[in-house]
Structure formats: C-alpha cells, structure tokens
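Trainee: Structure in structure tokens, see below.
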Amino acid sequence: MKLELHKARVRGIQWGGKTALGGNRVLQVNRAELMELLAEDGRFASIDMDIARPGESVRIVPVKDVIEPRCKIEGSGEMFPGMVGDVESAGEGKTFVLEGAAVVTCGKIVGFQEGIIDMSGNAAEYTPFSCTYNLALIFQPTEGLEIYEYEQACRLAGLKAALYLARKAHEAGAGADNVETYELPSMTESFTKFPNLPKVAYLYQLQTQGLLHDSYVYGLDAKRLLSTLIHPNETMDGAIVSGNCVSACDKNSTFVHQNNPVIKALYARHGVDVNFVGVILTNENVTLADKRRSSAYAVKLASMLGVEGLVISEEGFGNPDADLIMNCRRAESAGIRTVLITDEFAGRDGASQSLADATPEADAVVSTGNANMMIELPPVERVIGYTDYVDVIAGGFSGSLREDGSIEVELQAITGATCELGFNRTGAKTL
Amino acid sequence: MKPYRIVHYLNQFFGGVGGEEKADIKPESREGAVGPGVAFKAALKGEAEIVGTVICGDGYFAENMEKATGEILALIAAFKADAVITGPAFNAGRYGAACGAVADAVRAKLDLPALSGMYEENPGVDLYRKSVVIVPTSDNARGIKDAVPAMSRLILKMLSGETLGSAAEEGYMERGIRVNCFHHRPGAERAVEMLLSKLRGEPFATEYPMPNFDRVPIAPALKDIKNATIALLTDGGIVPKGNPDRIESSSATRYGTYSFAGIDSATDKLYATAHGGYDPTYANHDPNRVLPLDVMRDLEREGAFGKLYETWYSTVGNGTSVAMARKFGEEMGQALKAAGVDAVILTST
Amino acid sequence: MVKEIERVGLPIVHICTIIPISLTVGANRIVPAIAIPHPLGDPSKTPEEEKLLRRRIVEKSLLALQTEITEQTVFND
C-alpha cells in the first residue's frame, strides 16, 4: 500500500473572498462559506470563528481537538473515513496536506478536561500548536442539548472544517511544496525482504473510556474493538479520530493521530536498520476484563507477526498505566522486547511516583515529561473562547486564573504538552 | 576576590569534644576549621574557606530538634556564612539525621547553599534526600579522603550560582525529584533508538526507572463485626453538590470531610462527582454507584455490622500525587483511629 | 491512601476495578469492582438488580475485613 502526502506549506492565514492558498502561502478563508457549511448541523446555537497566528499574544481556551487540514486527491477512500468520509479503506493514492495550518475546536466546555493553547510566551514552547496557523471554531450548543450530542457535533464540525480548507485550497490550485512517499510491502514480502533486520511493530493504545475519553477508528467507537491490525498509512488519512481530551496534555488530538511520530520514525528507519512490520491498535477500557482481553489479543497478534520488538505508546494516565504495564509484561514474557512511551504524574514537586502501576520488565521507558509541573501563563492581549473554565479544567485549581488574566496551572492543562506518541522533545530526568 | 565564608557543622565526636558520653552537649561555636574541617582547605582551593565550626551533641539534637536547629542557625548566622557543610556523617544514624536537618534548615530559613555527605544506608538519607544535596560516602571515616573533594566541588558550584545538573552528572545522591527538560529529539525517535539498542544488546538508559513500592503490614481482621464501627471513604470524587470544598478534578490537593448523619442514600439530589478522570454521567445519576451509602445503611439496619461511622472523607484520585495521597491517608488514619473506628472501606474508580 | 490507613492498624478493604494497580501499589485486602465509572453499579441493569450487585460487593468487603490473611489477597467470588 503506497500513499503520497502532497504537502503545501502554509505561512499565514487570513479571511478572504475565496478559500485558497495564496501565492505568498497565506491561507485565505471564506468565512461565510465555512460558516454556512458548519451551520448545517442544527445542534449549535452559535458558531464563531477566529484566527490565531504563531507569535501573537493570543490564548485559545478551552480547546477540544486540533485537526490538520487534509483531503484525498487520488486513490480509494476518503479523509476521516467513517466520520465525515465514506467508510471505504483509506491510506493509499495521494493526499493533499495544508502543512502548518490547523483547525482548533473550542467553545462552551463539555467537561473538565479541555485545554489551553498559547501562541506566544513561555507556555507556547510546550504545545506544538503555537507553531501552526490556527483557525479556531467557537461553539455554543442549543439550549438543553445533551452533552454526548454536543461533543459529537463539535467533533464532526472540526473534521468538516479541516476537510473543507484542504479541499477548497486544492481545488483553487494550491500546489505541493514537497511530496512524502510512504510505502510498506505486504507482510509476506517484508518478512523475506529484509531477513537480517529486526522485525518491529508499533502497539498503539487508544483511550476509550466514555464521554470525552473516546477514540474512533473508521467511525467505530474504539471501545468496541478487539485489538487489531491497521496499515500505518491509514492513520495519515484520518482513520483514527480523537473524541477525547483527557487531560489536555496527553490527549492525542486528531492532528497527532494524522501525524503519528512513532509511525514516522519507524518508516524513516525501515529497510535501514529495522523491518517495520506494522501497527497493532488496541484500546484502554474501563473494566479489568476488557483490559486483559485487549492486552492478550494485542500481544498475541504481535506474536503471530513474529516481531522481536514493540514500541508501545499510551494515551492518558492513571488506569491506562495498567494497560501499558500489562502489555509490557505480556510482550516481554512472550519474548518480545518493548519500549514504552508515557508521561509522568510525579506531583508538583516532582517527588511523587510517576506511574500508577509498575513492573520490573519495563526497563526501557521514554518519558514525555511530568504533567504536574507548574507553569505560569502571562496575561494575553486576546482570548479566543472563554477563560471561565480555567479553574476547573484538569490541571487547574481554585485561583488558577488571576484577575490580571495571568494563569497558574499545571502543564496538564496545556494542549498536547506531554503527548505520549512522543510528538515533542519534552522529557524528564531525576535530580 | 575574597573567599566565600563556609561554616562547618560537626557532632561532638568529630568536633573533638568526646564520645557518646558527650552526646548531650548543646550547640557551640569554634573559630576556623576543626577536625575533619581542616581537610577541606586544599579542596576549596582558596575560593572558599571554613571560617567557623558549629558543634552539637547528637543526643541533644535528636531530643530537641526544633530548639537545637534554632540555636545552630543563630550560631551559623553569627559567622556571616555564605554556605554550610554538614558532616560527612558516614553511617552514623543520629549524626546523619542531624546533618540533614541542619542543611535543610539552612537552605529553607537562611536561604544559603548547604550540603551534606553520608553513607547510602544512613537513615538521614531517606529523610532528607529530597530537600538536601547529599554526597555519597563510604560507611566509615576512612572515606573522608574521597568525601572531601566531592563535597568541596559541589559547594563551590552551588556558591557560584550555577544550577546543578542531575545526580548522575554531579555525583550526589539521587533526590528522586523528576524535573522536566527538553531533549534534542522528539520522544518517538528516542523510543525507536532505544528499542534498537535493546534488541542489539547494546547499553541504553531508560528515561524513567520503575519505582519500588513498600509493603504495609497486614492489619488484623475484625473479630466482632456485629459491634464494629465501619467508615466508608472514597477517592472517586463524590462530593456534596456544588463541591463546596473545591476539590480539584485532577491533582487534588485536599480532601473533604462530610457527615452521613440523617442520610440514607447517596442520591443525585445531594451529591455529584468532581473527578475528571472518568465519564461522570453514571456517578452523577446515582452516586451510590461510587459511594454505596444505600447498601451500607441497609446492612447496618439489618445488623450485619455495628454502626456506620458518621464522618466520611472524599477526594479525587485522578493523577493524585503519591505524596499527597500518603498525607491524606496518614491524617485520615489517625482521625479514624482516634474516633474508635474499627475498619474501613475505600472505594475507587 | 489505603496503605497509610492500614499502617495505623485499621483493617481496610480497597474496592477497585484496576486490581493490578492496587496489587502493585500494595493494598492488602482488595475487592473487585464492576467498572471505572460505576464501581458499584451497572447502568445496563435495572435499579433493583444494580442495588443487589452493589450489596454483594459490600458484603464481600465485610467478609474480607473479617478474614485473616497472610499476603495481599483479592477477594474474588
């Protein structure tokens, strides 16, 4: 299966008469046209839109999801299959990407877990989305709308907007600045092709624990999955979509699912010093039986593939630490070597136990940082969204938001700060 | 440039006053370096010098910690110290605890750099490693020749205002404090690199060593349940509606103390959940699903056990730091025991 | 929290879903719960059935409190 990502680099964003990527690489957005598209969903009482650029003194809060604008230009399947696109398999052919742009969904809070993106200041270096040209969508639900409905409406609107931007820009003639090609042969071929390279797979854990804690695969609620195989290219076409933001720091936004850095790193070394065999998807459910079933199934798949090594990424913290440790223990017992990627909750003083579970077999761990670290956010000139919720979002506390607009919170509240796919360069060490 | 002024803390033995029979001496000062202090002169390279020594008996310190610390700090301040070195205490337990306490107080109250040196099994290590820089030493005084250069190098670095690197880099005992940093490469690349090293049998360094969890002795079983008072607690975040104590949805820094008096069931009229780590719909609809008050009352009425303790505690166990959880547990345990509670049920989500 | 309460000498039962975590951290008497968002409930059942399930878990806990143990014990059915 071969996929080409045709990437057009975005260097600016502004409202314009026609949605297109200008010659100077500034993304023009036809506000009225997009508004009309999103307003088709009657569940919104109001939709507002705003723009945030890197370096501006702007804060977006509360952030639900972040999505990269992409659309299919050739090949079967559609972007975000099963969600806003048709369910046929995606991941091959050609996909157009507005690289450097992002849609950020925001608005009245659904629950405690939404986050903050600062476009400048010290908090900006902790979120990848201070470097993207962001189109923020701010929603208000209709009166009395059930929260599950509201969450779904926001989720779908974000995907629609991302698809709209890419498609319109491509139709208006935006050309790619570079093309990346991703190709993996069938498994029978890969086993024989690189006989001397270690066979490695990626075990991709998805958070699947209920409202604001869910993930979707081809539109299917991943709670209901038996661990399964997926081609890495499918993730690039939005086969995995986020329905969760718990907590903001280690929630996998749709953006990072589309740009999975573990997949990228394995592809980069495939055929060089590793034989990247494939990706196994698994979930993080709320009963012990489900956790054990998914874990046993996932490691069995890895054994069936005959892999020698597994990179395992977690999503979330607390009870999902049990899934991570369980997968590690099982794999190591089966003779498969593992490396785990996780963040830490070591307390504000960094002196506490970082993970809820542990096992001696977990001797190779990459840490994406202590999410309890306190951080001070300066007052900003402009807030997109609402600051009312800062005190109650995970990582905030009574008094987080101060009168002058500055905020004292844990890193936990910063969107994508400790992403456990290993998206960022953050880490931690022991003093 | 004038050399930095260092004050050295010693116990009665190293201070040359006497052995165990002098362990009760009160803090006293000496000009310049005393005993092992003299060995520091060369290692401090003229950039710093020990201008004074404070000596205190290990016994006096252990029995009058607060008072003794105050007296010692006063004596240190009188020397117009820039920094303080305590010990090294090697494997002497009371001395190690005193060295740790003094260094900690100097840091916290006088805001001066301070460090100590001890053998890794010295009880002072567990007590003070988080807040005090402790240089590892051998278990007896012959190790002074290695301890002195290490302690000197570190105190000079601390005096210069430079931030200390990690324990591994600088040669002090791991304080067990996790601090964030930025690596050169994203985590995903580091993970693939680490896996390949592991597969090849090459050395690699985990970025997070797994912790060891201590075990607590098993409390004896209840003998007389019919007359037992049982307390019901939760860390599933059930709180009176409106969360009057503002318990945080994550990283809770407090717990609530509430009363079951006159209440037969944890209904949604009275309670809701403040926990941000799970889908709250079910708990909000019927809080008994997390805090089983209805069933406890039924069983109490039927005589299955003596009495449901009137007071209950709640916090949010979502990303709660272990240190915080330990503190809550200690306080709750003391209070429950003092109130004559016989057993406890804790529910978690 | 469980361990600190037990340290003062009070027998304590931990009702929780993620047994492995409770075992790793070191609780001594553990009773399995139903699911994370509803440890002592089951929204797929009627309120009467739920209450019965809840009662069973609490009864098991009372039994656990009265049981002498020599090592960490999960009180399954």
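Trainee: Residues of the range C:37-57 with the amide nitrogen closer than 13 Å to a label point 7 Å from the Cα of B:Asp268, along Cα-to-Cβ, please.
Mentor: Correct set: C:43, C:47.
Trainee: Can you compute the helix-only [θ] at 222 nm over the protein assembly as shown? Use -39500 (n - 2.57) per DSSP H run of at least 4 residues, normalise by all residues, nearest 500 deg cm²/dmol.
Mentor: Computed mean residue ellipticity for the protein assembly as shown: -8000 deg cm²/dmol.
Trainee: Arrange the following residues from fewest to most other Cβ atoms within 10 Å of their Cβ: B:Met210, A:Met304.
Mentor: A:Met304, B:Met210
Trainee: Using DSSP, restrict attention to beta bridges with both residues in the range A:189-337 and report what percent are antiparallel, rounded to the nearest 5. Mind dumping the intermediate values first?
Mentor: Numbers: 10 of 26 bridges.
For the range A:189-337, the DSSP antiparallel bridge percentage is about 40.
Trainee: Output the antiparallel fraction of DSSP beta bridges having both residues in the protein assembly as shown, as a percent to the nearest 5.
Mentor: Around 40 percent of the beta bridges assigned by DSSP in the protein assembly as shown are antiparallel ones.
Trainee: Taking each residue in A:309-320, count the Cβ atoms of any other chain within 10 Å of its Cβ, then average. What number comes out?
Mentor: 4
Trainee: Once each part is reduced to its C-alpha centroid, what is the distance from the range B:258-303 to the range A:1-49 in angstrom?
Mentor: 48
Trainee: Shifting gears a bit: Give me the angle, in degrees from 0 to 90, between the Cα long axis of helix B:65-78 and the longest principal axis of the Cα atoms of chain B, rounded to the nearest 10.
Mentor: Once rounded, the angle reads 40 degrees.
Trainee: Once both labels are modelled 7 Å past Cα along the beta-carbon direction, what's the B:Glu120-A:Arg53 spacing in nm?
Mentor: Placing both labels 7 Å beyond Cα along the Cβ direction yields 5.6 nm.
Trainee: Report, in degrees rounded to the nearest 10, the 0 to 90 angle that the Cα long axis of helix B:187-200 makes with the longest principal axis of chain B.
Mentor: 80
Trainee: Among all the aspartates and glutamates, which ones have a C-alpha under 13 Å from B:Lys80's C-alpha, if same-chain residues fewer than 8 places away are not counted?
Mentor: B:Glu31, B:Glu49, B:Asp111
Trainee: Determine the relative contact order of chain A: mean sequence separation of Cα pairs under 8 Å and six or more apart, normalised by residue count, in whole percent.
Mentor: The value is 19 percent.
Trainee: Quick check on the range C:12-62: take the gyration tensor over C-alpha atoms, sort the square-rooted eigenvalues as a ≥ b ≥ c, and tell me if it's rounded (a/c under 1.5), prolate or oblate. Mind showing how you got there, number by number?
Mentor: Numbers: a/c = 4.46, a/b = 1.78, b/c = 2.51.
Oblate is the answer for the range C:12-62, as a/c is 1.5 or above yet b/c matches or exceeds a/b.
Trainee: Could I ask something else about it? Roughly how many whole Å is it from the C-alpha centroid of the range A:301-347 to that of the range A:201-243?
Mentor: 16
Trainee: Quick check on the range A:135-276: take the gyration tensor over C-alpha atoms, sort the square-rooted eigenvalues as a ≥ b ≥ c, and tell me if it's rounded (a/c under 1.5), prolate or oblate.
Mentor: Oblate, since a/c reaches 1.5 and b/c is not below a/b.
Trainee: Is there a simple number for the mean count of other chain Cβ atoms within 10 Å of the Cβ of residues in C:21-32, and what is it?
Mentor: Values: counts 10, 4, 2, 11, 10, 4, 4, 5, 5, 0, 2, 3.
Mean partner shielding for this stretch: 5.
Trainee: Also, I was wondering about something else. In terms of Cα to Cα distance under 13 Å, which aspartates and glutamates are near enough to A:Lys193, apart from those fewer than 8 places away along the same chain?
Mentor: Within the straight-line limit of under 13 Å, A:Lys193 reaches these aspartates and glutamates: A:Asp273.
Trainee: Tell me whether the range A:2-413 comes out rounded, prolate or oblate; compute the Cα gyration tensor, take square roots of the eigenvalues as a ≥ b ≥ c, and use a/c under 1.5 as the rounded threshold.
Mentor: It comes out oblate by the Cα gyration axes.
Trainee: Still on this structure: Which helices count as membrane-span-like in chain A under these terms: full DSSP H, at least 18 Å along the axis by C-alpha, Kyte-Doolittle mean of -1.0 or more? Let's see the in-between values first.
Mentor: Numbers: long enough: A:147-171 (36 Å, -0.21); A:288-305 (26 Å, 0.04); A:319-333 (22 Å, -0.84).
Both cut-offs are met by A:147-171, A:288-305, A:319-333.
Trainee: Express as a percent, rounded to the nearest 5, the fraction of DSSP beta bridges in the range B:1-135 (both residues included) that run antiparallel.
Mentor: 20
Trainee: Here's something else I'd like to know. How would you rank A:Met373, B:Met158, going from fewest to most other Cβ atoms within 10 Å of each one's own Cβ? Each step should come with its number before you reach the end.
Mentor: Details: A:Met373 27, B:Met158 19.
Sorted ascending by nearby Cβ count, the order is B:Met158, A:Met373.
Trainee: Relative to the present Cα-Cα distance, how much length would full extension add between B:Glu28 and B:Arg153 at 0.36 nm per residue of separation?
Mentor: Working it through step by step, the gained length comes to 42.3 nm.
Trainee: Mind jotting down the distance between the C-alpha centroids of the range B:4-79 and the range A:118-152, whole Å?
Mentor: Spelled out, the Cα-based centre of one part sits 59 Å from the other.
Trainee: Rounded to two decimals, what is the ratio between the C-alpha radius of gyration of chain B and 2.2 N^0.38 Å?
Mentor: 1.32
Trainee: If I model a spin label as a point 7 Å beyond the Cα along the Cα-Cβ vector, how far apart are those points for C:Gln66 and B:Lys307 in nm?
Mentor: 2.0
Trainee: Listing B:Glu63, A:Glu308 from the residue with the fewest other Cβ atoms within 10 Å to the one with the most, what is the order?
Mentor: B:Glu63, A:Glu308
Trainee: Let me ask something else about it. State which entries of B:Lys2/B:Lys145; A:Lys7/A:Lys264; A:Lys18/A:Lys108; A:Lys18/A:Lys160; A:Lys108/B:Lys241; A:Lys251/B:Lys241 exceed 19 angstrom in Cα-Cα distance in the structure shown.
Mentor: Beyond 19 Å between Cα atoms: B:Lys2/B:Lys145; A:Lys18/A:Lys108; A:Lys108/B:Lys241; A:Lys251/B:Lys241.
Trainee: How far apart, in nm, are the 7 Å Cα→Cβ label points at A:Cys131 and B:Met65?
Mentor: That separation, rounded to one decimal, is 4.8 nm.
Trainee: List the relative contact order of the range B:4-170 as a percent without decimals, with contacts defined as Cα pairs under 8 Å and 6+ residues apart. Let's see the in-between values first.
Mentor: Working: 340 pairs, mean separation 36.6, N = 167.
It comes to 22 percent, rounded to a whole number.
Trainee: Which angle from 0 to 90°, rounded to the nearest 10, does the C-alpha axis of helix B:93-105 make with the longest principal axis of chain B?
Mentor: The answer is roughly 90 degrees.
Each value in this text was obtained by applying a stated rule to the coordinates, not by laboratory testing. Given the structure is predicted, the values throughout are model-derived calculations rather than measurements. Methodologically, a virtual Cβ is constructed for each residue, glycine included, from the backbone with ideal geometry; neighbour enumeration extends over all protein chains shown.
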